[in-house]
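Remarks on the structure that follows.
Any read-out appearing in this document is the output of simple, stated calculations on the displayed coordinates, not a laboratory observation. As the structure is a computational prediction, the values presented were derived from the model and not from experiment. FYI the Cβ positions are ideal-geometry reconstructions off the backbone, even for glycines, and counts take in every protein chain you see.
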Amino acid sequence: MWKLLKIELFKIFRRPRTYIAFAAIAAIIFLIQLAFYSDGEAFLQFGMQSLKETFDINGKILSGYMVCFIILQTLLIHVPLLIALVAGDTIAGEANMGTLRLLVTKPISRSQFMWTKFTATVIYTLLLLIFMAVLSLVVSIAVFGTSDLIIMKSDMVVILDNGDILWRYFAAFGFAAVAMITVASLAFLLSVFAENSIGPIVATMSIVILFTILTTMDIPLFNALKPFLFTNHMLNWKGFFEDPVNYKEVFKSLFVLVGHIIVFVFLAIVFSKKKDILS
Amino acid sequence: MKTIQFFITILTFQFISSICFAQGETELVNKVKAKLDKVNDYKAEGIMNIDVPFIKAAPSGVTIFYKKPLQFRVKKDGGISILPKGGVNVNLSSILAMGKYTVVPAGESVIGGGKVKVVKLLPEEENSSVVLATLYIDEVSLVIKKSIVTTRENGTYEMEMSYGKYNNWGLPDKVVFIFNLKDYKLPKGVTFEYESGEKKQSKTTSENKRGKVEIIYKSYLINKGIPDSVFKE
Amino acid sequence: MSTLKTYDLTWVKGSDFLYFIKHTLAIFVCKNCMPAIINVQNLSKQFGDIKAVNDLSFAVEKGEIYGFLGQNGAGKSTTIRMLLTLIAPTEGKIEILGMDLRKHRKEILTQTGAIIEKPDLYKYLTAMENLRLFAAMSGVKIQDKKYAEQLELVGLKERMHSKVKTFSQGMKQRLGLAIALIHDPQLIILDEPTNGLDPQGIADVRNLILHLSRDLGKTIFVSSHLLSEIEQIADSMLIIDKGKKMAEGKVSSLFDPADTIVELQTTNSTAAIKIIQQSQWKNALRENSNELIFLNIHRKEIPLLAKDLVSHDIGILSLYARHSLEDYFLTLTTSNRHVETFKN
């Protein structure tokens, strides 16, 4: 399988489209860092107005950790779309190019073929996350330095000690990787049914956007649905920035996401084995 | 006639005794002030605990700087210190350095098993930021065990002090600031929140609209000199 | 060529042991007594209400070039896709290289090379990269120098490092051929291999197919709509129409140059038909349409026929003698006549 995996990775990283996601992430991160570099203090002061009515806050609020946190908040809404761009193309793209029929006539089982494709997609996702982690955390720390991290929630402020933050980011990025692999596995599943990658990419984006809207809206009618929406659990990387960390909730979400991955991939393999390749 | 005379006698006696007693309290306050005046400046290492319903923060190491008469700063190295507005800066010495004030005896009380004299200070200056300060003074060790300060702009706060090895300097081992809170709320859309399954924090009720900040002083460097730049923003 | 070389002993396991014994004994007893390379029995494929392939049976002998013919939509591609496991049959059995396709898919595909319709490749990769990529998946270890040799064989040596997106359809077809052949398969399945090729390219492919079959003993299963090409290269052929077998057999027995179809146009077709019906060629008369009369006669009798008609004052406007496979194919598929399967 390693040989097949090398071939798949070769194909992914030789394709210009792959680098769109990396470029988009770099651009977004750079813009956010630039914005905070020039106007970050003013933005944070505005955000902390409510708190400053009662408290005097001294020290460096605008730190690399703060900037990274804000980047993660915005990016983890956009990154799923970039993941879908490659994952949705996995099988449908081959069908569209006409190469699928050549690949399936090779002496490898469909299961092995699908596993290899999925593993390559997972590696791509992880590389994208690592790239994001380096740019958002390492570069932010280099530019803005470190300090305690103030996290403003709707009814709570969490202050994390400087020395107690870095491990949380590693855990959060690890969790985010699982969340993004969930999106990738959904796009992978939808890719099996299409012969053009636009379909699964748009379908994945639509599902993620719709579920995200349902997740973030605080409407009683939708609240009953939330525990079942994978997008709700995707946000639980923030659980690592609680004090203390509610490991039960975080691992519950992790379990739900891993469950989604298993189901999506299993269905993708089952349907691909039964599917007649007509492209 | 006899009744009128009796009442006049009682009132006169009370007036005279209050003056005598006030003179006693004033002297007590002056003695405490003199003790505190021995400290020109200090740099202290401590641990700060924040106990506020809507703030979650772990205890953190802080450095406290003081320079006579009114310069006071709490800094956290490589981090953020969050302190109740106005109140903390008005520490014991600054209360007593607020200029002329009238000392009004207010009886006695018991704090931590020890008897304390209760003294109210009324600033004579009309524009003083402090409206009223109530001090609970230990006569024996000449230290302030508790103070309740009402300020013009930042409401009322309490300070409770515990003393130990720096008793001779009038510097506490532990100070607890208790202060009023305003409601804290941010729109959810701004904060990108999610349903974590945790029970929501109970909203601040009238019972818990007060917050506490505790500083445990581990060590003091007293009268070693502190540059003014430390107190600048 | 030793046939034992083509059998990988790793597939011998459990119930396959009997297969191995059968093949090994067959080889030692009679080197040429190999089971058919492709043996299809009662193959059918249903897509909803449409039966694309209907009870198809045929066999392809080792080393022969087998032509697979049919009009568009006849079921050729569907059949080929079933042979290559792209589509699962609804009914029927497929044996390739003496092995059940369902059970020994991996072993069979290791020894099979194919072009399916027009070969689509990775446009953003070069010819060499495409070739290496597909070769790496073939399950066969290939020497490094063979890649350049293969590209030279198909006439792409100068363009081996060019991206496929710059290739014409003909060049892609050649590259597809190279990919199908790189791992030296025993069985080669070609679906329309001359698509998009110029006449020289078509001739080159024809010669390549003949070389692979005659000199290297490969078995070639080729479908084409260029019936004249099949006629020139195929040893046996199968014609299907609407998913059903119309004819199967050796090309030489299906097409007899002496068995000519004459298309005749006269000044008085009614009178001409009457004359023919009273002549020695009364049984040679076939269907006629409009003013055309069709007869199936020996080529040598054409002048006699013409003379007879002229002698009866029947003017001949045109006389066209057709004897190619194309006529046979068109006759079968347009008239829906079945011809009994026969082999020599």
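For the range A:190-272, the relative contact order comes to 24 percent (Cα pairs under 8 Å, sequence separation of at least 6).
Note on B:104-111: average number of Cβ atoms from other chains within 10 Å of each residue's Cβ is 0. Taking amide H positions as modeled 1.01 Å from N, with prolines and chain starts lacking one, the residues under 5 Å from C:I87 and 5 or more places away or on another chain are A:I277, C:M82. Per residue of peptide A:12-18, the mean number of Cβ atoms on other chains within 10 Å of the residue Cβ is 2.
Averaging 1/r over each pair of different alpha-carbon atoms in the protein assembly as shown and inverting the result gives 35.5 Å, the Kirkwood hydrodynamic radius. For the range A:1-154, the Cβ-based charge dipole about the Cα centre amounts to some 1120 debye (Lys, Arg positive; Asp, Glu negative; other atoms uncharged). A simple charge model with +1 on the Cβ of Lys and Arg, -1 on the Cβ of Asp and Glu and nothing else charged puts the dipole of the range A:64-217 at about 520 debye relative to its Cα centre. Would the range C:31-129 count as rounded, prolate or oblate if I go by the C-alpha gyration tensor, calling it rounded below 1.5 in a/c and otherwise prolate when a/b exceeds b/c, oblate otherwise? Since a/c reaches 1.5 but b/c is at least a/b, the shape of the range C:31-129 is classed as oblate. Label positions at C:E152 and A:K274, each projected 7 Å from the Cα along the C-beta direction, are separated by 5.1 nm. For chain A, the residue among A:I32, A:L103, A:L235 whose Cα projects farthest onto the positive side of the dipole built from Cβ charges is A:L103. Computed from phi, the 3J(HN,Hα) profile of the range C:180-187 under the Karplus parametrisation 6.51, -1.76, 1.60 (θ = phi - 60°) reads 5, 9, 4, 9, 6, x, 6, 10 Hz, with x in place of Gly and Pro. Of all DSSP bridge pairs formed entirely within the range C:4-253, close to 55 percent run antiparallel. With the simple spin-label model, which puts each label point 7 Å out from Cα in the Cβ direction, the A:F13 to B:S109 separation comes to 7.1 nm. For C:K244, the aspartates and glutamates whose Cα comes closer than 17 Å to its Cα, not counting residues fewer than 8 places off in the same chain, are C:D49, C:D55, C:E91, C:E340. Straight-line reach from C:K163: taking Cα to Cα under 17 Å and skipping same-chain neighbours fewer than 8 places apart, the aspartates and glutamates in range are C:D120, C:E129, C:E152. Amide H contacts for A:F55 (H built 1.01 Å from N in the peptide plane; partners 5 or more residues away or on another chain; cut-off under 5 Å): B:K85.
Spread over its residues, the convex hull of the C-alpha atoms of the range C:256-323 is 74 Å³ per residue.
Of all lysines in the structure, those lying under 16 Å Cα to Cα from B:K115, and not within fewer than 8 positions of it along the same chain, are B:K145, B:K146. Taking label positions 7 Å along the Cα-Cβ direction at both B:E139 and C:I142, the computed distance is 10.5 nm, reported to one decimal. When the pairs A:K153/B:K174; B:K76/B:K209; C:K45/C:K118; A:K52/B:K56 are compared against a 19 Å limit on Cα-Cα distance, A:K153/B:K174; B:K76/B:K209; C:K45/C:K118 fall above it. With the cut-off at 22 Å, tell me which of the pairs B:K35/B:K75; A:K273/C:K106; A:K274/C:K245 have Cα atoms farther apart than that. Correct reply: B:K35/B:K75; A:K274/C:K245. Classify the range C:4-253 as rounded, prolate or oblate, taking a ≥ b ≥ c as the square roots of the eigenvalues of its Cα gyration tensor: rounded when a/c is under 1.5, otherwise prolate if a/b is larger than b/c and oblate if not. Note, shape of the range C:4-253 comes out oblate. Which entries in A:K117/C:K93; C:K51/C:K93; A:K11/C:K141 show an alpha-carbon gap greater than 26 Å? Beyond 26 Å: A:K117/C:K93. Across the range C:169-174, rounded Karplus estimates of 3J(HN,Hα) from the backbone phi angles (6.51 cos²θ - 1.76 cosθ + 1.60, θ = phi - 60°) give 4, x, 5, 5, 4, 5 Hz, Gly and Pro being marked x. Bridges between two residues of the protein assembly as shown, per DSSP, are antiparallel at a rate of about 85%.
Selection among A:F46, A:V250, A:I91 by position relative to the dipole of the range A:2-274 gives A:I91 as farthest towards the positive end (Cβ unit charges, Cα centre).
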